[in-house]
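Asks: Got a structure for you, questions after.
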Amino acid sequence: MRTIGRSRAAAAGFAVAMAIMIGAAGCGGSGGNVDDESGDPTFAVVGATQTVSGAQVSSWARVDRNGVVQEVGVTLPLAVARNPPASHGSGPAGAHAVLAFPAAARNGTYFNHFELQWEPEGHPPALFSVPHFDLHFYAVSPDEVEAVTAQDPVAPAPERVPAGYLYTGQSVPEMGVHAIPLALVNSGQPFTTAMIAGFYGGSMTFLEPMVTQEFLLQRQNVVMDVPRPAVLGRATRYPTRFRATYQASTDSYDLVFSDFVTVTR
């Protein structure tokens, strides 16, 4: 699937979208519920769903009573890790799922859509040579991702690369250039989880949590800080925290960016 639906809902129609709630089957099991202790209701707003390995991978967002996005997430069934795809998908760079985030997230945060890739033998460099999933949270549209070539036309200025990250300079077609945490590079050890930043045309175009198949199958949880360059290049609301949480009730993971801050440049 190389294209995704694009909602044009105006602000006046947003209240209707907020009324669409995900039940216990998604969004951490509490989607659409009211936080009775704080009195502040939050709503889980549906994004898109696609079948991967016979299971439903879904995108969503959680918004507060004012329609402000508090979380942007994806629900990934553990069945996908137990029985990963046998071949490449039809999305950009062989993605098995290409999921639009709800309009509230696309209009009000850094994120546009999600892409899922399975790497059965890993990929270079050597520290990533273990079976793992690439979880691409893109800030640009699928059409823009598909237009990415093997040569990045513009390298980012130093202030556009997060501190502590190594910009590799090698562009992956239909993806971009990866920047890797220096601490991970210097460790010399195969990774388990990592937060990658991606670039093309001089701008940071995606955030990519990477997790090994083994890590997911052990039903472990992880929380990671989100890297941010000194200059992002756009005004938006940007996340500072990522968590992957196993939900036993649905035998799935919630992959969630949260703790958004306002960025003006």
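Asks: Tell me the relative contact order for segment 11-263 as a rounded percent, counting alpha carbon contacts under 8 Å between residues six or more apart.
Replies: Reported as a whole number, the value is 17 percent.
Asks: Could I ask something else about it? Amide H to amide H, which residues 5 or more places from residue 112 or on other chains are under 5 Å from it, using H placed in the peptide plane?
Replies: Amide H neighbours of residue 112: 138, 139, 140.
Asks: Need one number: nm distance between label points at residue 261 and residue 241, each 7 Å from Cα along Cα→Cβ, rounded to one decimal.
Replies: 1.3 nm
Asks: So what J values fall out for segment 113-130 if you push phi through Karplus, 6.51 cos²θ - 1.76 cosθ + 1.60 with θ = phi - 60°, rounded to Hz, Gly and Pro as x?
Replies: Residue by residue, segment 113-130 yields 7, 10, 10, 10, 10, 10, 10, x, 10, x, 6, x, x, 4, 5, 9, 8, 10 Hz.
Only the coordinates and a few stated rules stand behind these numbers; no lab work does. As the structure is a computational prediction, the values presented were derived from the model and not from experiment. Cβ: placed from backbone, ideal geometry, glycine included. Neighbour counts: every protein chain shown.
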